1. Near K319, which lysines are there with a Cα under 27 Å away, not counting those fewer than 8 places off in the same chain?
2. Using r as the Cβ-Cβ distance of K385 and E500, and R0 as 45 Å, what FRET efficiency do you calculate, to the nearest 0.05?
3. What is the spin-label model distance, in nm, from R117 to Q104 if the labels are put 7 Å beyond Cα along the C-beta direction?
4. How much accessible area per residue does the chain have, in Å², with a 1.4 Å probe?
5. Among Q488, G205, V279, which residue has its Cα positioned farthest towards the positive end of the charge dipole of the chain, with +1 placed on the Cβ of Lys and Arg, -1 on the Cβ of Asp and Glu, and the dipole taken about the Cα centre?
6. How large is ³J(HN,Hα), in whole Hz, for each residue of region 57-66 in order, when computed from phi with the Karplus curve 6.51 cos²θ - 1.76 cosθ + 1.60 and θ = phi - 60°, using x for Gly and Pro?
7. Write down the Kirkwood hydrodynamic radius of region 309-383, to one decimal in angstroms, obtained as one divided by the mean of 1/r over all alpha carbon pairs.
8. Tell me the accessible surface of T276 in square angstrom (1.4 angstrom probe, heavy atoms of protein chains only), to the nearest ten.
Amino acid sequence: MGKSLIRNEDGMAMVLVIMAMLVFSLLGTAALSMANSNVDNSLLEREFQSAFYVAEAGVNYHTEVIKNKNIKEAFNSTSNANEFFTHLENHTDTTYGTEIFQPQSGYDPVAEVSLQRLNMSETNPRTYALVSIGITENTKRTVVKEIIVKWNAGFDTSGLHTLYAKESMYIKGKVDGTIGVSYSLPEEYNLPGNPPPPPIKFDWGAECHNYFVPDDEEVNVSMPDYFEEDNIGVRQKIANNIEYKIPDFPEFPDVYVDKGEVVLKNAELHQTLNLTDSVTYLSKIEIGNSSRLTIDLNGEDRTLIVDDLIFSQGAIFLKNKGSLNLYVKNHMTFGGSTVLNHADPPENYETMSFNYIKNSAKAVPKEKMYDSASALTIYIKGTNKLVMDQDISVCGSIYCETADVDLGGSSLMGGSLVTGGAEVVADGGSDIYSTMIYAPLAHVKIEGSAKINGPVISNTLEHNGGSEGIVKFNPDEDDIPVGSIFPQEAKVIFEGSVLEQ
């Protein structure tokens with residue numbers, strides 16, 4: 001009987017089934033738990049990524065708001081750099097929600113964006129970190145983008161003298177206005193018995209309203225014996241070391257489509273260049289033999305880039321209102337009588353006598369010269385000297401990057417001349433009116449019978465005009481066409497990449 005008990009295996013199958021069910025149940029529970037965990041992790045990862053995209057979208061969207069709205073509002077409601085930046089910094093922080101983001105299941109994404117100044121010592125331009133916090137239901141992520149903002153006042157004529165030199169000035173001609181020299185004495189002149197050189201030397205024939213020099217007992221002007229001091233007004237004080245800075249020379253636009261060249265050298269030939277694109281590139285424009293070129297602006301602001309602009313004799317006219325920025329990469333040369341942007345072109349100028357066109361360009365009233373000069377700005381790159389001394393009429397502003405300039409030969413310029421070069425000479429009966437010579441790094445010489453109606457800003461200056469040459473400027477009455485050389489604006493000049501903080 002004992003043997004049968006030992007071999008009795010009834011019920012073992014049930015135990016095995018129960019054990020198997022228990023194992024499968026545990027495995028199922030574990031698998032379900034793992035699946036739920038994976039789903040939760042997937043949702044968290046998705047939300048984590050969503051928070052980054054929300055932050056990124058917020059910083060990029062707000063960059064455009066700053067460029068197209070905040071900067072304009074700050075610029076239009078302020079009058080100087082400090083006021084502008086203060087307004088911008090106080091009116092830029094914001095929060096974006098459903099106006100730029102789609103609602104998600106159970107929550108609305110939010111981006112909190114703020115402008116944080118990075119370098120407290122910077123005045124203008126200023127560097128900022130644009131910080132954006134992307135917020136989802138359970139997650140936050142932060143990104144930053146660096147931007148640099150610059151404020152440009154344009155050109156302020158208040159306080160301008162008719163003639164200004166930073167270091168020294170020699171006057172032997174007429175000045176209908178004031179003159180000023182602002183400098184600090186070098187160390188060697190602080191020693192006893194070593195008087196400094198005079199900032200201004202007056203010679204016979206000199207005339208001006210008043211003269212301005214530093215208020216220092218050691219600073220004396222030089223005058224010839226028995227000089228009539230009534231001719232030069234009263235000595236007044238000027239601030240030390242007034243700085244006139246060279247404006248930023250623009251980067252020439254990149255253009256990959258070469259439209260060829262315009263060469264007009266047959267007698268009295270006329271051609272129209274229709275500028276339908278915002279930027280056009282030509283390898284060369286050459287005008288000779290009394291030919292003439294009409295540039296049609298189509299009522300828009302256009303940019304024309306040329307490698308070389310060559311005049312031997314002829315004229316260029318601007319047609320249909322708008323403005324033209326003309327970029328010259330290599331050379332701008334004049335070899336004979338030239339009219340560049342006639343301020344009041346006669347009817348049928350395409351076919352009439354070139355001599356009539358040339359003479360009428362010099363007879364245009366000053367008010368029309370002002371208006372026409374504002375429509376043309378010429379930027380000349382490099383160090384090639386600009387010579388305008390053969391009966392040339394130019395109505396527009398010219399900015400030479402580093403070139404010296406000669407104006408003379410009965411030439412006329414209506415518009416401003418700006419250069420970073422070392423020398424500017426105006427002589428030979430040149431008329432440079434409704435204009436300004438802005439050459440704060442240069443030695444400027446005014447000689448012969450040159451007549452200038454506008455301020456002259458220089459490093460050192462000689463006015464040898466005698467009885468015929470005259471420089472005239474009244475800051476309260478005279479306008480100064482400067483084209484686009486001195487922009488009146490505020491803008492983002494650098495925009496970095498989006499980085500996670």
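The values are calculated or read from the model by the stated rules, or taken from the named source; none is laboratory data. The model shown is predicted, which means the values in this text are computed figures rather than measured ones. Positions of Cβ are generated from backbone atoms using ideal geometry, with glycine treated the same way; all protein chains shown enter the neighbour counts. Note: accessible area is taken over every heavy atom of the protein model, side chains too, but ligands, DNA and RNA are not part of it. Shrake-Rupley method; radii C 1.70, N 1.55, O 1.52, S 1.80 Å.
1. Here the lysines satisfying the reach criterion relative to K319 are K259, K265, K284, K329, K358, K362, K366, K368, K381.
2. Numbers: r = 53 Å, r/R0 = 1.17.
Efficiency, from the Cβ-Cβ distance: 0.30.
3. 3.6
4. Details: 25150 Å² over 501 residues.
Averaged over the residues of the chain, the accessible area is 50 Å².
5. Of Q488, G205, V279, it is V279.
6. 4, x, 5, 6, 5, 6, 4, 5, 5, 4
7. On the way: mean 1/r = 0.0743 Å⁻¹.
Result for region 309-383 stands at 13.5 Å.
8. Surface open to solvent at T276 totals about 90 Å².
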